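The values are calculated or read from the model by the stated rules, or taken from the named source; none is laboratory data. Given the structure is predicted, the values throughout are model-derived calculations rather than measurements. Cβ coordinates were reconstructed from backbone atoms using ideal geometry, including for glycine residues, and neighbour counts include every protein chain displayed. In case anyone asks, the SASA skips ligands and DNA or RNA and just uses the protein heavy atoms, side chains included. Shrake-Rupley method; radii C 1.70, N 1.55, O 1.52, S 1.80 Å.
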Amino acid sequence: QVQLVESGGGLVQAGGSLRLSCTASGRFVSGSLMGWYRQAPGKQRELVAAITTIGTTNYGDYVKGRFAISRDNDKNTVYLQMNSLKPEGTAKYYCNVPARTTTYWGQGTQVTVSS
């Protein structure tokens, strides 16, 4: 089992910034891809960003240079810096680690962007 613990969510005004963190423990393989997804009420969960061990990144189309994902391999931690947040960014943000036969998810951290 892999445990994922997220932190850093909260309430922010439109245009503001937040930084999310997610630390993996348990049977986490340090070479694993790590990522962030989000799910707004009534909508499907969607990719926000993902990053490989060597720093190759992938972002959802709506990010448009406002978000930056990074990771600290020594700490098994992935970060998501979110800038210029918009009200439509209100959602629960989940840390994600895909494994060979399953996918691990964190409990999620709520991000609310007020207009």
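What do you reckon, is residue 32 open to solvent by less than 40 Å² (accessible area, probe 1.4 Å), at pLDDT below 95 and among the polar types (S, T, N, Q)? The answer is yes for residue 32.
Please return the ranges of strands (runs of 3 or more DSSP E) entirely within the range 1-92 where 2 or more residues are more than 15 Å from the chain's Cα centre (by Cα) and closer than 23 Å to residue 112 by Cα. Hits in the range 1-92: 10-13. For beta carbons closer than 6 Å, sequence separation of 6+ or different chains, a first residue in the range 1-12 that is of a type in the set (Gly, Ala, Ser) and a second that is open to solvent by 60 Å² or more (accessible area, probe 1.4 Å), the qualifying pairs are 8/19; 9/110.
Of everything in the range 93-115 that is of a type in the set (Ser, Thr, Tyr) and not in a loop (DSSP other than H, G, I, E, B), the residue that is nearest to residue 26 (Cα to Cα) is 104. Residues that are open to solvent by 60 Å² or more (accessible area, probe 1.4 Å) and touching a strand residue (DSSP E or B) at 6+ places or on another chain (Cβ under 7 Å) within the range 58-80 comprise 58, 59, 75, listed in sequence order.
Could you tell me whether the range 100-107 includes any residue that is crowded, with 21+ Cβ neighbours inside 10 Å and out of contact with any helix residue (DSSP H, G or I) (no Cβ under 9 Å at 6 or more places or on another chain)? Yes, because at least one residue in the range 100-107 is crowded, with 21+ Cβ neighbours inside 10 Å and out of contact with any helix residue (DSSP H, G or I) (no Cβ under 9 Å at 6 or more places or on another chain). A Cβ distance below 8 Å, combined with a sequence gap of six or more or placement on separate chains, defines the contacts here; from the range 18-39, residues that are at positive phi reach residues that are open to solvent by less than 30 Å² (accessible area, probe 1.4 Å) and at pLDDT below 95 in the pairs 26/2.
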